[in-house]
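Visitor: Encoded as structure tokens, here's the structure I'll be asking about.
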Protein chains: 2
Amino acid sequence: MTIVYPVKRRQFLVGTAGLASAAVTGLPAISQEGEKLPAYVAWKDPSDVIVHTSETLETTRAAQGDALITPSSDLYIRNNLPAPSDEIVADRDAWEMSIEGVAEPGAITLGDLKLLGSETVVAVLQCSGNGRAFFDHEASGSQWATGAAGNVIWTGVPVRAVVDAMGGIKGDMSFLTGTGGEEIPDGLPPESIQVERSVPVAAMEQAILAWDMNGEPIPLAHGGPLRLIVPGYYGVNNVKYLKRLAFTAEESPAKIQQTGYRVRPVGVSGDPSQPSMYEMSVKSWITGPLEDASTGRVRIEGLAMGGTSAVTGVEVSTDGGNNWQEAELLGPDMGPYAWRPFFLVVDLEAGMHTLASRATNGNGDTQPEEFEPNERGYGHNGWRGHAVEVNIG
Amino acid sequence: MTIVYPVKRRQFLVGTAGLASAAVTGLPAISQEGEKLPAYVAWKDPSDVIVHTSETLETTRAAQGDALITPSSDLYIRNNLPAPSDEIVADRDAWEMSIEGVAEPGAITLGDLKLLGSETVVAVLQCSGNGRAFFDHEASGSQWATGAAGNVIWTGVPVRAVVDAMGGIKGDMSFLTGTGGEEIPDGLPPESIQVERSVPVAAMEQAILAWDMNGEPIPLAHGGPLRLIVPGYYGVNNVKYLKRLAFTAEESPAKIQQTGYRVRPVGVSGDPSQPSMYEMSVKSWITGPLEDASTGRVRIEGLAMGGTSAVTGVEVSTDGGNNWQEAELLGPDMGPYAWRPFFLVVDLEAGMHTLASRATNGNGDTQPEEFEPNERGYGHNGWRGHAVEVNIG
């Protein structure tokens, strides 16, 4: 029996994980692509990330594998502004934020927030532009393939518990608006670059103000000491260094809200009438095998997410979508916002094979074959674009 | 409002996690207790572990916190023999093991095992001696408090799938016997020190041969490339560097099985008639607060595990067990073998408080107040011994 199975690049490292080797040997942290990890994320696993720019790092498709949870050392980075000074995580519980648009507005520290309750939720964090590389047109922005996404354990206080403690929402508010604590350079109007996002107020049902990520205080690079997590919503809505949470009648005036993250036809400018990048859609991709191999039995593996409704099933095709087989879901159900690893063992004959996956969620949504191009290359969940070609034999 | 909440030591580190700091600064990895991390586990987070000896490292109680999953960098280490050379993880899929006591016995590589199926299970890994420090008598062995336990995501092939592929169990076998791949020094009879454990054959229902831990290939220090995982069973039965799996009529002749890990009265020698350390029992412990603090509202947090049956509830007492309140379970249910974080927010007045927790599992088992001493200090799950004293005011 000749066998073929997904190869994780890091498995070639002698010893333990790549991070370990770097730490032990004292070698600088160089990613697979030969790019040096930026200092603020020098603790990432260099063998598992692709450095696009100092503010954009992607997890390799191979490293995503069939992991139930994405290790923090592998999780992607996408910063709209540079992170604040690490002084803000020196005394995390002293971090102060304001709550507005409630009956009793005011400032509250992270230490006090922890006494209002807590909840742990497993939720996919995914950049709006994940999959941009699979569009045919030249959409500007990082050319993410599959790796601007991870499955993360978040712990924090439910937004609804904070609202209850502050006397409830005041008036008829349509949006939940979060403001990030990044520094705004002098002389610039804040709304031009400030990271401030509004989501429909209904999202407060599942939103939390999170202080822990994967069982550890949220690293500065991922928005610690406090991050707004809106499970089921694209990454940009999960505001880092949260310094203000407001219930508002209107959407934020910030550019990132008004014209940024708007889905529109190619060549059209962003404006507030267009759909905003809010809820994620059903999606899946194969993470292995990714390389040519000999004829034989092949373990196909990948990841599937339902968006705002749990994945109910994944089909896999080895012939570019002519025939489909049901894959097996791996591991415990971690709730509607988590991804599910899947796998299928098949026999492949010599020749080229196009491996594709197609997920369905509890709402009955299934990934489309194609996904319409849009100006910024957002939200791609077409199965054909995510397919991989492997040469067997 | 004066507030008190659990303090994680690592939160005082500027930047991100302790490991990060060590990696960035190039400082040697020194644990909180000032002990240097052994080279083979230099990738552990020094601020979160206690180094007892080079083969025994414990997670600090504070670092355990309320984490749903124990990060690999925090997980305890307990080796009965030194780990083999890291050459065995240079090409993981080439690792070969033998399967015996089946209709078609033989050798199989890890690469081939991966084609027989896969399963992901979240299971507590816990040393038999966890809690030994809470016995009044002087039981020999590492003085583990709560930190020889972690909640881990394991991925591997179900033992029952391997058995099916090899024609089923041959004859009437009572035990599932796993043999570790540690090197046996010349001149020593293997049974004197070999790590070989037998568990009742019924445990094969949930047992897996695991290659991934927390989404990464199992580090050498934790038994990679292949480890037998028997969810619900004490750590010693989860044989590392698995080189042989056999269905046997009798228990292993190894000392670690015959006389080791036997529960017997203080002063009595081990023998095969005594109960072996197999199934874990219901247990919980508070992880915060652990230090004196001012009067006020306190967030009490901790961890609870059901053994072989899921935790159904946890009660917390702030007066040494006179009164109990139901705590809230955190996060998704990760299955019967996982632990559940819990928390309770209470108001504490000035003075000494004895904080205790008491868990119940699906079988209706509840932690006892006291736990009978035994020669080696195994299996302590008494709630009084695990209580913590804090001075408020």
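The values are calculated or read from the model by the stated rules, or taken from the named source; none is laboratory data. The structure displayed is predicted, hence computed values, not measured ones. Here the Cβ is made from the backbone with ideal geometry for all residues, glycine too, and neighbour counts use every protein chain on show.
Visitor: If B:Leu209 satisfies all but one of (1) within 14 Å of chain A (Cβ to nearest Cβ); (2) buried (at least 24 other Cβ atoms within 10 Å of the Cβ), what's the number of the condition it fails?
Guide: B:Leu209 satisfies every listed condition except (1).
Visitor: Here's another thing I want to ask about it. Can you name the residue in the range B:55-114 that is among the basic types (Lys, Arg) and farther than 21 Å from B:Ala221 by Cβ and, of all such residues, is nearest to the chain's Cα centre (by Cα)?
Guide: It comes out as B:Arg61.
Visitor: Can you name every one of the strands (runs of 3 or more DSSP E) wholly within the range A:93-141 that holds 2 or more residues which are closer than 20 Å to A:Ser72 by Cβ?
Guide: Counting at least 2 such residues, we get A:119-126.
Visitor: Okay, next question. So which pairs qualify, if the first residue must be in the range B:80-99 and away from chain A (no Cβ under 12 Å), the second must be modelled with pLDDT under 95 and assigned to a helix (DSSP H, G or I), the Cβ gap must be under 8 Å, and the two must be at least 6 apart or on different chains?
Guide: B:Asn80/B:Ile193; B:Leu81/B:Ile193
Visitor: Looking at the range A:101-112, can you tell me whether even one residue there is in the same structural domain as A:Tyr233 (by TED's automatic domain parsing), within 30 Å of A:Asp333 (Cβ to Cβ), acidic (Asp, Glu) and out of contact with any His (no Cβ under 8 Å at 6 or more places or on another chain)?
Guide: no
Visitor: Only one of (1) among the hydroxyl-bearing types (Ser, Thr, Tyr); (2) closer than 28 Å to B:Phe371 by Cα; (3) buried (at least 24 other Cβ atoms within 10 Å of the Cβ) is not met by B:Thr259, so which one is it?
Guide: (3)
Visitor: Can you find, within the range B:49-61, the residue that is nearest to B:Trp339 (Cα to Cα) among those that are at pLDDT 95 or above and not in a strand (DSSP E or B)?
Guide: Checking each candidate, the answer is B:Arg61.
Visitor: What's the number of the only condition in (1) in contact (Cβ under 8 Å) with a residue 12 or more places away in the chain; (2) acidic (Asp, Glu); (3) farther than 18 Å from A:Gln206 by Cα that A:Asp112 fails to meet?
Guide: That leaves (1) as the condition not met.
Visitor: Here is a further query. Could you check the range B:373-388 and list, in sequence order, the residues that are among the charged types (D, E, K, R) and either surrounded by 20 or more Cβ atoms within 10 Å (Cβ to Cβ) or at pLDDT below 95 (or both)?
Guide: B:Arg376
Visitor: Considering each residue of the range B:46-67, count those that are polar (S, T, N, Q) and more than 14 Å from chain A (Cβ to nearest Cβ), and give that number.
Guide: Count: 3.
Visitor: Here is a further query. Which count do you get for residues in the range A:359-372 that are surrounded by fewer than 21 Cβ atoms within 10 Å (Cβ to Cβ) and touching a residue at least 40 places away in the same chain (Cβ under 8 Å)?
Guide: 6
Visitor: How about the range B:335-358: which of its residues are closer than 25 Å to A:Leu116 by Cβ and buried (at least 20 other Cβ atoms within 10 Å of the Cβ)?
Guide: B:Trp339, B:Arg340, B:Pro341, B:Phe342, B:Phe343, B:Leu344, B:Leu348, B:His353, B:Leu355, B:Ala356, B:Ser357 - these are the residues of the range B:335-358 that are closer than 25 Å to A:Leu116 by Cβ and buried (at least 20 other Cβ atoms within 10 Å of the Cβ).
Visitor: From (1) within 14 Å of chain B (Cβ to nearest Cβ); (2) in contact with a strand residue (DSSP E or B) (Cβ under 8 Å, 6 or more places away or on another chain); (3) under 29 Å from B:Val152 (Cβ atoms), pick out the condition that doesn't hold for A:Ser284.
Guide: Unmet condition: (1).
Visitor: I'd like the full set of residues that are hydrophobic (A, V, I, L, M, F, W, C) and without any contact (Cβ under 8 Å) to a residue 60 or more places away in the chain, limited to the range A:125-156.
Guide: The answer is A:Ala133, and nothing else.
Visitor: Being surrounded by 22 or more Cβ atoms within 10 Å (Cβ to Cβ), part of a loop (DSSP other than H, G, I, E, B) and within 12 Å of another protein chain (Cβ to nearest Cβ) is the requirement here; does B:Gly331 meet it?
Guide: yes
Visitor: What is the residue count in the range B:301-328 for residues that are buried (at least 19 other Cβ atoms within 10 Å of the Cβ), in a strand (DSSP E or B) and either of a type in the set (A, V, I, L, M, F, W, C) or more than 14 Å from every other protein chain (Cβ to nearest Cβ) (or both)?
Guide: 8
Visitor: Continuing with this model, one more query. Can we say B:Gly270 is touching a Lys or Arg at 6+ places or on another chain (Cβ under 7 Å), surrounded by fewer than 22 Cβ atoms within 10 Å (Cβ to Cβ) and touching a residue at least 60 places away in the same chain (Cβ under 8 Å)?
Guide: Against the criterion (touching a Lys or Arg at 6+ places or on another chain (Cβ under 7 Å), surrounded by fewer than 22 Cβ atoms within 10 Å (Cβ to Cβ) and touching a residue at least 60 places away in the same chain (Cβ under 8 Å)), B:Gly270 qualifies.
Visitor: So B:Thr70 ticks every box in (1) more than 19 Å from B:Ala145 (Cα to Cα); (2) facing chain A (nearest Cβ under 9 Å) but one. Which box is left unticked?
Guide: For B:Thr70, the exception is condition (1).
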